[in-house]
Amino acid sequence: MWNPCHARLPRHLADHDVVRAAWEGIDAAKVWDSHAHLIGTGDAGSGIYVNPQTDSLLNPSQYARRLFILNAGCVHDAAGSVDDAYVDRLRNLVDGLRRGNENGAKVLLFAFERAHREDGSADLEHTMFHVPDAYARDVAKKFAHDFEWAASIHPYRPDALDALAQAKRDGARAVKWLPSAMGIDPASPRCQRFYESLNNADLPLITHAGLERAVLGREAHDFGNPLRLRRALDAGVRVVVAHCASMGEDRDLDKGANGPYVESFLLFERLMDQKRFEGRVFGDIAAMTQVNRAGPALARVIERQDWQARLLNGSDYPLPGVMPIFSVDYLVSIGLLKAGLAEILKQIRAHNPLLFDFVLKRHLRSHDRMFSAGVFETRGFFMR
Ligand SMILES: [Zn+2]
């Protein structure tokens, strides 16, 4: 159940044919993991806020959730600071991912905004956790060899445009939202000026759509409807739909406000196939290999060869380290992974969930199709 957290990758794994094959045809200097969470407990002056409810045994599901997430980052038994241990562990994993390539892979770390009320004020009661932009910025600056960062700014904040300009000056590569948890309606006219500023700054918006189980907050699930992103797309913003909206159902708003519920992924697919959004709407494949997401949507994004240039890889770290939700055997059972790869992948996962995620995705096949190399070479998307 628990992630064993072995730090170093043994040679027989690091040099294994399966790992080598995963890097074939990939320019390691362009590999950015475009979806990773920066978390902690705030014990090192990071300014991270964790809702005290999360600690409460009166709220067992949230307590278990937190234990799982911290264990995934392997900081549960760290002496000293949890915040620092989390960053150290992640650097260690990036190093293991690189295999000695000096110019290799980086990880894009996400700040995480608070929930806000309609009036634009912060709502800590409904905020599960908060990772300030300044902390993500500082970590990325301090370990520039390993990390880039994405800001997280609520568009209803009175100072939202200033915060965005500051983030741009501070080297943010994107803005990250989780609308359902933060209380953001992406379709609201209140987002318009924020979208225009994003567009002017040429910063992409990475935003969750579909059902989100990893983080609970305000639980405004409607806000995750992929069709609500059209306002951003019409404003010219490049939008990355996290997980390709591969979980849950949303109303088909094209059939009216009370349209029937359909799979969120189908609505994402509709956006992707709309000509006018080409070059604007993208999808990340973070966590699409999870048990609760893998299946038809994963097979579909592999098979859609015409989409490959619009897909970005991300690990959703620390989630690949959360053992119960990733199952290699499940992927074998649904025919996306060769059975002979299962054992080696499990061994890699025990040592390095980032490398595991990468190698696994490079070996996925659906009807002889695979993710193209460009899906993993995401640097150019953020630094154009
Ligand atoms: Zn995520």
**Pair list, Cβ under 8 Å, 6 or more apart: the range 36-48 residue aliphatic (A, V, I, L, M), other residue assigned to a strand (DSSP E or B) and surrounded by fewer than 24 Cβ atoms within 10 Å (Cβ to Cβ)** = Ile39/Phe129; Ile48/Phe129; Ile48/His130
**Request:** Can you give me the ranges of the strands (runs of 3 or more DSSP E) entirely in the range 188-288 with at least 1 residues that are within 16 Å of the ligand (Cβ to nearest atom) and closer than 24 Å to Phe376 by Cα?
**Result:** 205-208, 239-242, 281-284
**Request:** Those residues that are open to solvent by 10 Å² or more (accessible area, probe 1.4 Å), polar (S, T, N, Q) and modelled with pLDDT of 95 or more, I need them from the range 198-246; list them, please.
**Result:** Asn199, Asn200
**Message:** Report every pair of residues separated by at least 6 positions or lying on different chains whose Cβ atoms are under 6 Å apart, first residue within the range 288-300 and in contact (Cβ under 8 Å) with a residue 24 or more places away in the chain and among the β-branched types (Val, Ile, Thr), second surrounded by fewer than 23 Cβ atoms within 10 Å (Cβ to Cβ) and in a loop (DSSP other than H, G, I, E, B).
**Reply:** Val291/Ser327
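Filter the range 321-342 down to the residues that are β-branched (Val, Ile, Thr) and over 23 Å from Asp17 (Cα atoms), then identify the one that is most open to solvent (accessible area, probe 1.4 Å). So that I can check it myself, show each step before the final result.
Of the residues in the range 321-342, the ones β-branched (Val, Ile, Thr) are 322, 325, 328, 332, 334.
From what is left, the residues that are over 23 Å from Asp17 (Cα atoms) are 322, 325, 334.
Numbers: Val322: 12, Ile325: 48, Ile334: 66 Å².
Selected residue: Ile334.
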**Message:** It is to be established whether one or more residues within the range 179-196 are open to solvent by 20 Å² or more (accessible area, probe 1.4 Å) and under 30 Å from Ala28 (Cβ atoms).
**Reply:** no
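Being buried (at least 16 other Cβ atoms within 10 Å of the Cβ), among the hydrophobic types (A, V, I, L, M, F, W, C) and away from the ligand (no atom under 16 Å from the Cβ) is the requirement here; does Val94 meet it?
In short, yes.
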**Residue count, the range 1-43 (criterion: modelled with pLDDT under 80 and either surrounded by fewer than 17 Cβ atoms within 10 Å (Cβ to Cβ) or closer than 22 Å to Ala134 by Cβ (or both))** = 6
**Request:** Search the range 116-170 for residues being in a helix (DSSP H, G or I) and at pLDDT below 95, and hand back the single one that is most open to solvent (accessible area, probe 1.4 Å).
**Result:** Glu125
**Fill in**
Only one of Glu249, Glu269 is open to solvent by 60 Å² or more (accessible area, probe 1.4 Å) and free of Cβ contacts under 8 Å to residues at least 40 places away in the same chain, namely Glu249
**Prompt:** Out of the residues in the range 359-371 that are closer than 16 Å to Leu97 by Cβ and open to solvent by 10 Å² or more (accessible area, probe 1.4 Å), which is nearest to the chain's Cα centre (by Cα)?
**Reply:** Arg362
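The values are calculated or read from the model by the stated rules, or taken from the named source; none is laboratory data. All values reported here derive from a predicted model rather than from experimental measurement. Note: ideal-geometry Cβ built from the backbone for every residue, glycine included; neighbour counts use all protein chains shown. We work out accessible area using only protein heavy atoms, side chains counted, and drop any ligands, DNA or RNA first. Shrake-Rupley method; radii C 1.70, N 1.55, O 1.52, S 1.80 Å.
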